[in-house]
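Enquirer: Just dropping this structure here.
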């Protein structure tokens, strides 16, 4: 059973690596030497508690914010999905949701920094 679990995690690590390679601006991962989780930093935000909450409430995606492990600015992502197609779909949905959240946050920051129009 242990070997089966290790092979599932290894396969999912490779799948997530391929996806993150194409999405370097969304997350940088620290790959586990052991265990069924990856820790990913989000270079575009430090408030991963907020991101984790939004991922769950808006997209139904459950990840653990790094704040729970004294590593703010990171998300803990599970690697134990047995079905390979489901795992790939899940990781794609996660990255798509992160991209949308990043865009939303960038737009809000841009609006905050924009000079307000003052009529003459």
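Enquirer: For each of 28, 22, count neighbouring Cβ atoms within 10 Å of the residue's Cβ, then give the residues from fewest to most. Spell out each step's value before the answer.
Expert: Values: 28 13, 22 8.
Ranked by crowding around the Cβ, least crowded first: 22, 28.
Enquirer: Based on other C-beta atoms within 10 Å, arrange 102, 46, 89 from fewest to most.
Expert: Details: 102 18, 46 15, 89 12.
Going from least to most buried by this count: 89, 46, 102.
Enquirer: Two decimals is fine: what's Rg over Rh for region 2-103, C-alpha atoms, Kirkwood radius as Rh?
Expert: Details: Rg = 12.9 Å, Rh = 13.6 Å.
Radius of gyration over Kirkwood radius for region 2-103 works out to 0.94.
Enquirer: Calculate how steeply helix 84-113 sits against the longest principal axis of the alpha-carbon atoms of the chain, using the helix alpha-carbon long axis, and give the answer as 0 to 90 degrees to the nearest 10.
Expert: Long axis of 84-113 versus the principal axis of the chain: about 20 degrees.
Enquirer: In degrees, nearest 10, range 0 to 90: what is the angle between the Cα axis of helix 48-59 and the longest Cα principal axis of the chain?
Expert: Result, in degrees: 80.
Enquirer: Can you sort 85, 25 from fewest to most other Cβ atoms within 10 Å of each residue's own Cβ? Present the calculation step by step, with values, prior to reporting the outcome.
Expert: On the way: 85 8, 25 11.
So the ranking, lowest neighbour count to highest, is 85, 25.
Enquirer: Would you compute, from DSSP H runs of 4+ residues alone, the mean residue ellipticity of the chain at 222 nm, taking -39500 (n - 2.57) per run and dividing by the full residue count, rounded to the nearest 500?
Expert: Numbers: 3 runs with 62 residues, N = 120.
Value at 222 nm, helices only: -18000 deg cm²/dmol.
Enquirer: Rg and Dmax of region 1-57 over Cα atoms: what are they, in angstrom?
Expert: Radius of gyration, then largest Cα-Cα span, for region 1-57: 13.3, 39 Å.
We did not get these values from a lab; they are worked out from the coordinates using the rules stated. As the structure is a computational prediction, the values presented were derived from the model and not from experiment. Cβ coordinates were reconstructed from backbone atoms using ideal geometry, including for glycine residues, and neighbour counts include every protein chain displayed.
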